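Encoded as structure tokens, the structure appears first; notes follow it.
The values are calculated or read from the model by the stated rules, or taken from the named source; none is laboratory data. Keep in mind that this is a model prediction, so the values were computed, not measured. When we count neighbours, we look across all protein chains shown, and the Cβ atoms used for this are built from the backbone with ideal geometry, even at glycine. In case anyone asks, the SASA skips ligands and DNA or RNA and just uses the protein heavy atoms, side chains included. Shrake-Rupley method; radii C 1.70, N 1.55, O 1.52, S 1.80 Å.
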Protein chains: 2
Amino acid sequence: MHVPVNELKFRLEKLHLSMKQEKVGAVYLCRPENVHYFSGFTGSDSHLLVTASEMFLLTDRRYEEEAQQSASCAEMVLWKKNIPETAAEIFRKKRVRAVGFEADMLTQLHFSQFTKALSNARTKDFRQQIATIRLCKTSWELGRIKAALRCAEKSFLELKHVIRCGMTELDIRAELEMRMLKYGAIRPAFETIVAVGKNSSLPHAHAGKVKVRQGLPILIDFGACVDGYNSDLTRVLFLGSMPKFWHEQMRRVLQAQSAGLDALKAGCAVCDADNAARKVFEQYKCVQNYSHSLGHGLGLMVHEAPGVSYKSSTVLEEGMVVTCEPGLYYPGKGGIRIEDMVVVSRRGASVLSRLDKDEKSAVLSL
Amino acid sequence: MHVPVNELKFRLEKLHLSMKQEKVGAVYLCRPENVHYFSGFTGSDSHLLVTASEMFLLTDRRYEEEAQQSASCAEMVLWKKNIPETAAEIFRKKRVRAVGFEADMLTQLHFSQFTKALSNARTKDFRQQIATIRLCKTSWELGRIKAALRCAEKSFLELKHVIRCGMTELDIRAELEMRMLKYGAIRPAFETIVAVGKNSSLPHAHAGKVKVRQGLPILIDFGACVDGYNSDLTRVLFLGSMPKFWHEQMRRVLQAQSAGLDALKAGCAVCDADNAARKVFEQYKCVQNYSHSLGHGLGLMVHEAPGVSYKSSTVLEEGMVVTCEPGLYYPGKGGIRIEDMVVVSRRGASVLSRLDKDEKSAVLSL
């Protein structure tokens, strides 16, 4: 689905305002998600130039057709020797004096080619300004994020009927990713984590050859990328029955998540939400088993601003989309994490995901 | 599978020799494939420092266990404020005067943090030297590449029994990628291209909702990543029967590929191989429908040196692994591409892939 023209116009207005405030006459973008955000372009290996009145997409022959279709608002330029030199030439012709760029994305090679060809103009790191513009999602973006959620959820619900004793983590990952592709994902949002038994205590486990069997937690952290927007969810399943120990951990995690969700309100600081979840674990004397932060922003990237950590005092705003994913991890034994996605509003966090999380929904019949 | 110690030792010796020749006392690596190549580390978000006598892996708590298991030859350092500063501190303590780095990978932000903290030492772009070291594959690496090929081939042979009239490009991609994951891939080597009918004339088509039906080319460009090493293959299938026009194009492409394969010999220039394929198409007056170059090197990256193009005079060496993938594209109608992987030897190209490519194998029963 192409980005609507009025959506692009709205984004560009915010960028122009930021350029004016920071006194840069132009911006040079190379992060694919930023190129897409401001131009709608769906291909890769292409850079975007934005001035106060014009927009140029620097691409090559492979993407000519794709650029015409998805980024018609930008003037297409086929670059010659290398992209940064072509970019600098355009800026020179337009007599640009200061250019914003993404210091965390442009390589040193491209930066040196760019500044050399730019001669007199100065450069300014513009990554924070761009991240700020992308922070709050429009209703159109929320629609895309919901589509990415529905795709992942539909696939997961089907997967629950497929999991059998003896299947490996890799088998389960393959079955889930296949369904997400069939139901409209352009790719999985990230490498699906399927971690069985003690592997589930590693927050970044890779799916491997461990087999599922009765009583072991099966932690599945997954998401779909639909039209460039991502979803990110975690559920823990059990075959046959849920052992008492895990039942207790699940209850604590759900209680911590609920406390976190209540604190994800516009006007509140993100650290308060993380601390709200942390307090629940402190009450159960297990906060040392909660080894990461409560969540992260997501949209065109799976991890983007704002981070929802006890270290950050970022104030939540209406339209921010974040995950809420407390977890408890017992090395050598396993772990429980429950992850949902919410959009922040004045009235509180509105949960976007629809998967059940009660005990009944976590236990699969043998 | 972890990289064997003698393999790592051999690679490090080549790096030390190159450092001596270029008069740099240390190398700072951040490209994940290079970090893996010299240390064996399987995680991400980590950088590698190599001096004449030591090796340091800069990582964070998430990868502590993975680093101990996969990169035991490197001393693990958990970075604090940011990776480049920690790297510069280590180099300062070791009194390094010149550091090689990857200008095409290190971001401008990291480069400026690094050089600022490095104070007096000079930096040198080392990307060509690293690429040169990785050019020729050892027999152990060839084993990994063959494993990546066998995984992709096994999945493709099964897929051929699954394709039915009415399936979409996305369905076929999902079925193929699922099988590669089940048969040992850590991920597909790249977004699998499944292009039906006129879509097959776009060399970088995205799989979509177009359905397969009798007489249309079904171009499938796919590969698996196994233990970090990649495979890359292309076949074109037809349901029921192959129309005369496509039969003729297929014959030409196979003839061009055969000419290319004959010219991929150690001691010969890559341009000669591309030109050999080109000549076949010239003879049939269709060279204008051949819009890309003959192939590319691959290994830890899907595209790496050497490029096999008529513009390059790189001389082929024993142990280089490249693709041979001529194609003919007719916009609005479709295209044919046949891609195999070879290892260059003194006696000529040795084809690593095992999939049939005769007409019989390209036609699926309805």
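If each of B:Trp140 and B:Lys81 carries a label point 7 Å out from its Cα toward its Cβ, how far apart are those two points in nm? If labels sit at B:Trp140 and B:Lys81, their model points lie 3.8 nm apart.
Taking every DSSP beta bridge that has both ends in segment B:139-364, the antiparallel portion is near 95%. Distances between copies at A:Gly166, taken between label points 7 Å from Cα along the C-beta direction, are 3.2 nm in increasing order. Centre-to-centre, using Cα atoms only, segment B:221-253 and segment B:158-219 are separated by 11 Å. Association of chains A and B removes close to 2500 square angstrom of accessible area from solvent, both sides included, for a probe radius of 1.4 Å. Extending 7 Å from the Cα toward the beta-carbon at both A:Glu13 and B:Ser72 defines two label points whose distance is 6.2 nm. Whole Å is fine, so just give me how far the alpha carbon centre of segment A:302-366 lies from that of segment B:278-305. What the calculation gives is 48 Å, centre to centre. Taking 26 Å as the limit for the C-alpha separation, the pairs A:Lys182/B:Lys154; B:Lys9/B:Lys182; A:Lys116/B:Lys124; A:Lys116/B:Lys116; A:Lys116/A:Lys137 exceed it in the case of B:Lys9/B:Lys182; A:Lys116/A:Lys137.
In the full protein context, chain A carries 42 Å² of accessible surface per residue, based on a 1.4 Å probe and ignoring ligands, DNA and RNA.
For the protein assembly as shown, a simple Cβ point-charge model (Lys and Arg +1, Asp and Glu -1, everything else neutral) yields a dipole of about 420 debye relative to the Cα centre. Note on B:Gln283 and A:Arg95: the model spin-label points, each 7 Å out from Cα along the C-beta direction, lie 6.0 nm apart.
Placing a label point 7 Å from Cα along the Cα-to-Cβ axis, B:Glu22 is separated from the same position in the other copies by 3.2 nm, shortest listed first. The alpha-carbon of A:Lys198 sits under 20 angstrom from the alpha-carbons of these lysines, leaving out residues fewer than 8 places away in its chain: A:Lys209, A:Lys211, A:Lys244, A:Lys333. Given R0 = 25 Å, the distance between the Cβ atoms of A:His161 and A:Asp358 translates into a calculated FRET efficiency of 0.90.
Among B:Lys160, B:Lys311, B:Lys81, the largest mean-square fluctuation in a Gaussian network model of chain B, built with springs joining Cα atoms closer than 10 Å, belongs to B:Lys81. Among the protein heavy atoms of the protein assembly as shown, carbon and sulfur supply 51% of the accessible surface, probe 1.4 Å, non-protein parts ignored. Counting from the shortest, the label point at B:Tyr284, 7 Å from Cα toward Cβ, is 6.7 nm from the same position in each remaining copy.
Test of the criteria: in segment B:1-76, which GluC sites (Glu not before Pro) are in a DSSP loop and have at most 13 other Cβ atoms within 10 angstrom of their Cβ? List each step's numbers first, then the result.
On the way: sites: B:Glu7, B:Glu13, B:Glu22, B:Glu33, B:Glu54, B:Glu64, B:Glu65, B:Glu66, B:Glu75; in loops: B:Glu54.
Answer by residue number: B:Glu54.
The sum of -39500 (n - 2.57) across all DSSP H runs of n ≥ 4, divided by the residue count of chain B, sets its helix-only mean residue ellipticity at 222 nm to -11500 deg cm²/dmol. Applying the Karplus relation 6.51 cos²θ - 1.76 cosθ + 1.60 with θ = phi - 60° to segment A:95-109 yields 3J(HN,Hα) values of 6, 6, 9, 9, 10, x, 9, 9, 5, 8, 10, 5, 6, 4, 4 Hz, where x marks Gly and Pro. Looking down the axis that turns chain A into chain B, the chain A residue with its beta carbon nearest that axis, and the gap rounded to whole angstrom, comes out as A:Met178, 2. Only bridges whose two residues both fall in the protein assembly as shown count here: according to DSSP, what percent of them are antiparallel, nearest 5? Antiparallel: roughly 75 percent of the beta bridges in the protein assembly as shown. Using a cutoff of 8 angstrom between alpha carbon atoms and counting only pairs six or more residues apart, the relative contact order for segment B:5-134 works out to 25 percent.
Distance distribution P(r), the protein assembly as shown, all Cα-Cα pairs, bin width 10 angstrom from 0: 3, 13, 21, 27, 23, 11, 2, 0, 0 percent.
Taking every alpha-carbon pair under 8 Å whose residues sit at least 6 apart, chain B reaches a relative contact order of 14 percent.
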